[in-house]
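Undergrad: Handing you this structure, nothing more for now.
What follows is calculated from the coordinates using simple rules that are stated; it is not laboratory data. Values in this document were obtained by computation on a predicted structure and should not be read as measured data. So basically every Cβ, Gly included, is an ideal-geometry build from the backbone, and we count neighbours across all protein chains shown.
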Amino acid sequence: MINTKLNINETKKKYKMKILIVDDELKTAGILKSQIEQLAEVKCTLCDSGSEALKILEEHDYELVITDKNMPDMDGLMLAKSIKERYPDIILILISGYPDLDDLTNAINDCGISYYISKPWELAEVKIILNSVIDRIHLHRQNVDLMLNLEKHNIQISKLNNNLEKSFLELIRLLSDIMAEVAPELTRHSQEVALLSKKVAGKFNKKNLENSDLEISSLLHDLGLIGFSKDTFLTPPQRLSGDLRKMYLQHPKIGAEMLKAAPRLKRVRKIILTHHENIDGTGMYEISGDKLCFEAKILRICDFYCDAVNLRNETHQNTLNFMKRREGTWFDTKALQAFIEVITVISGPQMLPVPITKLVAGMQVAKDIVSQNGHLILASGSVLTQLNLKRLKIYNDLDPLREIYITNENI
Ligand SMILES: [Fe+2]
Ligand SMILES: [Fe+2]
């Protein structure tokens, strides 16, 4: 009789393996149970039929099932097959008094049997198999733990990335507000373009539109125009004198160049560089449409609209008609259709979204101002006063306001 327990290390010991022994001869099963319990720290349960074994497995977890092959009703192979289908992680050992090569092949290939013990068994053989099973279970648990840890870390990394992205976007918004001190009209234009392009992007489920590249590009797209006088950038480029026109035509390149030091902005630079390009390749730098990313196509449309309506005082309808005539040549069809849906809803047709920081007394509210919680703060048609501007800011701190729309004539 061997009294020594298996030489399993401490880590393995903490897993007290649960074994289910199935044999219609409970006396034989009892002998195997006591021998196994002498070999290792395990917990064995006995049962005398396949159907009973399946019932037990429905309610309890086992890592190893040892089944006799010859049993009435459901034999060991049938039982093994059912167990493998329902609980693929359970390791199966078949015991049989009459070893047969076909049975063995069937057991391994079709029924998921991992080990075979012939009756009467040798204790040394049982010991080797048990040791191997314990190693296998230990490895499996380690793998499961590793996968769980990996998943946990991935979630943490993704949260950190999201936070980082949010902080980065906040920083760019702040930068944009600071820019307003130097170039108020240009900054207001960029912020309007950003609000609009974000709404247009919201019409699509594209994965690459999930990050902040489009909003950042919109906020910074005319960075290369800083330093230009208001009159210069409000003049249509074709009417600018030679040198000024040359300089104006450089602004996408200059803007992209200014961001060269930030690796995170690599894609943003590409969008900024192409924000005056047409999909038929007739834009400012004549870059062909297949080289333009989708964000650049959206930015081109929103920038064009805000440029015409807000900066050059074109009417909403004339601008929209002009743009529709260039669908598929200057402007990407899908992006333009999404833009038209957005602008039709928000402009009504004469209103535009304005950030709360840009509201001034005298502006007329084009749509009810409502808080995130659905409270009506100021009705459509109201004219902003210093007093209600103060109130709006207080409300916004307590319960952030949804987007505010102002009639176009006031902007
Ligand atoms: Fe521009
Ligand atoms: Fe612009």
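Undergrad: Got a sec to turn the phi values of the range 246-254 into Karplus ³J(HN,Hα) couplings, 6.51 cos²θ - 1.76 cosθ + 1.60 with θ = phi - 60°, whole Hz, x for Gly and Pro?
TA: 4, 5, 4, 5, 8, 4, x, 5, 5
Undergrad: Would you please classify the overall shape of the range 72-165 from the alpha carbon gyration tensor, given that a ≥ b ≥ c denote the square roots of the eigenvalues, rounded means a/c under 1.5, and beyond that prolate means a/b larger than b/c while oblate covers the rest?
TA: prolate
Undergrad: A further question follows. Under a cut-off of 20 Å between alpha-carbon atoms, report the lysines in cross-link reach of residue 43, not counting same-chain residues fewer than 8 places apart.
TA: In chain and number order, the partners are 5, 12, 13, 14, 16, 18, 27, 33, 55, 127.
Undergrad: Please compare each pair in 166/266; 266/324; 260/358; 230/260 to a cut-off of 21 Å on the Cα-Cα distance and tell me which ones are over it.
TA: Numbers: 166/266 17 Å; 266/324 31 Å; 260/358 30 Å; 230/260 26 Å.
Violating the 21 Å limit, Cα to Cα: 266/324; 260/358; 230/260.
Undergrad: Also, quick follow-up: Can you classify the range 31-75 as rounded, prolate or oblate using the Cα gyration tensor, where a ≥ b ≥ c are the square roots of its eigenvalues, rounded means a/c under 1.5, and otherwise it's prolate if a/b beats b/c and oblate if not?
TA: Numbers: a/c = 2.80, a/b = 1.41, b/c = 1.98.
Since a/c reaches 1.5 but b/c is at least a/b, the shape of the range 31-75 is classed as oblate.
Undergrad: Sticking with this one: Using the charge dipole of the chain (Lys, Arg: +1 at Cβ; Asp, Glu: -1 at Cβ; taken about the Cα centre), state which of 278, 238, 137 has its Cα farthest towards the positive end.
TA: Ranked along the dipole, the leading option is 238.
Undergrad: Compare 216, 356, 134 in a GNM of the chain, Cα atoms joined below 10 Å, and give the one with the largest fluctuation.
TA: For the chain, modelled as a Gaussian network with Cα springs under 10 Å, the answer is 134.
Undergrad: I'd like the antiparallel share, as a percent to the nearest 5, of DSSP beta bridges with both residues in the chain.
TA: Of the beta bridges lying entirely in the chain, close to 30 percent run antiparallel.
Undergrad: Only four residue types carry charge here, +1 at the Cβ of Lys and Arg and -1 at the Cβ of Asp and Glu. Report the dipole size of the chain about the Cα centre in Debye, rounded to the nearest 20.
TA: About 2000 debye.
Undergrad: Please go through the range 141-227 and write out the trypsin sites (Lys or Arg not before Pro) that DSSP classes as loop and that have at most 14 other C-beta atoms within 10 Å.
TA: 206
Undergrad: List the aspartates and glutamates whose alpha-carbon lies under 14 Å from that of residue 334, not counting same-chain residues fewer than 8 positions away?
TA: Cross-link targets: 295.
Undergrad: Among the aspartates and glutamates, which fall within straight-line cross-link reach of residue 291, defined as a Cα-Cα distance under 15 Å, with same-chain neighbours fewer than 8 residues apart omitted?
TA: 277, 280, 332
Undergrad: Count the net charge of all other residues whose Cβ sits under 10 Å from the Cβ of residue 297, scoring Lys and Arg as +1 and Asp and Glu as -1.
TA: Once all neighbours under 10 Å are counted, the net charge is -1.
Undergrad: Separate question: Mean projection of the alpha-carbon convex hull of the range 350-411 over all orientations, in nm²?
TA: Result: 3.5 nm².
Undergrad: Could you give the alpha-carbon Rg of the range 242-323 over 2.2 N^0.38 Å, rounded to two decimals?
TA: So the range 242-323 has a normalised radius of gyration of 1.17.
Undergrad: Compute and list, largest first, the equivalent-ellipsoid semi-axes of the range 162-250 from the alpha carbon gyration tensor, each √(5λ) rounded to a whole angstrom. Write out the running numbers ahead of the final one.
TA: Values: eigenvalues 159, 48, 22 Å².
They are 28, 15, 10 Å, listed largest first.
Undergrad: Also: With no solvent and one point per C-alpha, what does the Debye sum give as log10 I(q)/I(0) for the range 10-146 at q = 0.12 Å⁻¹?
TA: -0.43
Undergrad: Regarding the range 33-104, what is the average projected area of its C-alpha convex hull, in nm²?
TA: Working: hull surface 21.5 nm².
Computed as one quarter of the Cα hull surface, the answer is 5.4 nm².
Undergrad: Quick one: among 151, 37, 215, which has the greatest mean-square fluctuation in a GNM of the chain with alpha-carbon springs under 10 angstrom?
TA: Maximum fluctuation in the GNM of the chain, among the listed residues, is at 37.
Undergrad: Then there's this: From the convex hull of the Cα coordinates of the range 99-140, what is the mean projected area in square nanometres?
TA: Numbers: hull surface 13.5 nm².
Result: 3.4 nm².
Undergrad: If Lys and Arg each add +1 and Asp and Glu each add -1, what is the summed charge of the other residues whose beta carbon sits under 10 Å from the beta carbon of residue 283? Write out the running numbers ahead of the final one.
TA: Numbers: positive: 300; negative: 277, 280, 286.
The answer is -2.
Undergrad: Name the residues whose placed amide hydrogens come within less than 5 Å of the amide hydrogen of residue 44, ignoring near sequence neighbours (fewer than 5 apart) on the same chain.
TA: Distant-sequence amide H within range of residue 44: 19.
Undergrad: Pop out the ³J(HN,Hα) list for the range 19-25 in order, Karplus 6.51 cos²θ - 1.76 cosθ + 1.60 with θ = phi - 60°, rounded to Hz; leave Gly and Pro as x.
TA: 10, 10, 9, 10, 7, 5, 9
Undergrad: Taking the Kirkwood radius as the inverse of the mean 1/r across Cα pairs, report the Rg/Rh of the chain.
TA: Ratio of gyration radius to Kirkwood radius for the chain: 1.32.
Undergrad: Can you bin the range 183-347 into rounded, prolate or oblate? Criterion: square roots of the alpha carbon gyration tensor eigenvalues sorted a ≥ b ≥ c, rounded for a/c under 1.5, prolate for a/b above b/c, oblate for the rest.
TA: Verdict is rounded for the range 183-347.
Undergrad: Continuing with the same structure: Projecting each Cα onto the charge dipole of the chain (Lys/Arg +1, Asp/Glu -1 at the beta carbon, about the Cα centre), which of 262, 392, 76 comes out farthest on the positive side?
TA: 392
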